[in-house]
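Working notes, structure below.
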Amino acid sequence: MDIFNFDPRTVISFYLTLFRISVVLFILPFFGDTLPPLIKATLLIVITLAVWPQLSFPAEYFPANPLNLAVMFAGEVVLGMCLGIIVRMLIAAVQIGGTIINFQMGFSMVNAIDPLTGMQEPVTTHFLYMCTMLTFLTLNGHLHLIKALGSSFDMVPPGGLFLTPQLMSEVMLFAKQMFILGVRIAAPVIMALFLVDLALALISKMAPQMNVLILGFPLKIMVGFLFMTFIMQIMADYVANFIEAMDMVLIHIMRIGTIAP
């Protein structure tokens, strides 16, 4: 048996499938951020071998010149960014809420090192980020991302998704919702700490001899952590609703940005 008797069309089809999964999967959150390089490479090969018999591109999609290959690579990067930015906006909304809470509790100088980026971030922001990530994984959000990656084979040809004006307007709409969601997450803690500040102001007027500055710091920290436990259920509901609507949103994003080959 001639083991070197490969069909070039089959090999090119496998390369196109590997190309799509490698570019998109490494840009998606949780897969491209948290996994070690060896695990990423292993996951890439396993997923490619799993989906290639059913979800593969014909060899005719492979570009004939290097310029078209660069254009196809740019389109694949845009696809991965569009799929990943939707989930990253949820994470960014939680981080915005955590930053607001951190400032209101008086933890402006208390930072933690993010092991993924190596940069400092507020401690409450990092805590809420980890809780959101664990909730997202617990509710199988990562499986919805893989499902969207599989749907892209039927909806988006190689390099067929670009930054169209309609796609940009949708992304800006999601960015606006990101700030609104961040304020909603932080709203219970903001209101509780505002009432604490109001009570301390009244106490300072009624008893000027009391040092409300020393009393206020531990009191605001205690109330802040107390109400942070209350927003965990609210945040979990937001994540669950987000995952429920994520499939339709990702399909809509791919549909409005797809350019026919």
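The values are calculated or read from the model by the stated rules, or taken from the named source; none is laboratory data. Bear in mind that the values here come from a model prediction, so they are computed numbers and not experimental data. Cβ coordinates were reconstructed from backbone atoms using ideal geometry, including for glycine residues, and neighbour counts include every protein chain displayed.
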Subset of segment 250-261, residues part of a helix (DSSP H, G or I) and surrounded by fewer than 20 Cβ atoms within 10 Å (Cβ to Cβ), comes to I251, H252, R255, I256
Out of all the residues in segment 35-62, which are of a type outside the set (A, V, I, L, M, F, W, C), surrounded by 15 or more Cβ atoms within 10 Å (Cβ to Cβ) and either in contact (Cβ under 8 Å) with a residue 40 or more places away in the chain or at positive phi (or both)?
-> S56, Y61
Do we find a residue being in contact with a Phe, Trp or Tyr (Cβ under 7 Å, 6 or more places away or on another chain), farther than 17 Å from F153 by Cα and either free of Cβ contacts under 8 Å to residues at least 24 places away in the same chain or not in a loop (DSSP other than H, G, I, E, B) (or both) anywhere in segment 25-33?
-> no
Would you mind stating whether A92 is hydrophobic (A, V, I, L, M, F, W, C) and touching a helix residue (DSSP H, G or I) at 6+ places or on another chain (Cβ under 8 Å)?
-> yes
Just for segment 196-249: of the residues that are touching a His at 6+ places or on another chain (Cβ under 8 Å) and buried (at least 16 other Cβ atoms within 10 Å of the Cβ), which one is nearest to I85 (Cα to Cα)?
-> M246
Go through segment 75-108 residue by residue and tally those that are of a type in the set (S, T, Y) and farther than 16 Å from G182 by Cα.
-> 1
Scanning segment 2-42 residue by residue, the ones that are more than 20 Å from L79 (Cβ to Cβ), modelled with pLDDT of 75 or more and under 19 Å from the mean Cα position of the chain (by Cα) total 0
On the given criteria, is L163 surrounded by fewer than 17 Cβ atoms within 10 Å (Cβ to Cβ) and closer than 18 Å to V24 by Cβ?
-> yes
How about segment 175-195: which of its residues are surrounded by 15 or more Cβ atoms within 10 Å (Cβ to Cβ) and either under 21 Å from M248 (Cα atoms) or touching a Phe, Trp or Tyr at 6+ places or on another chain (Cβ under 6 Å) (or both)?
-> M178, L181, P188, V189, A192
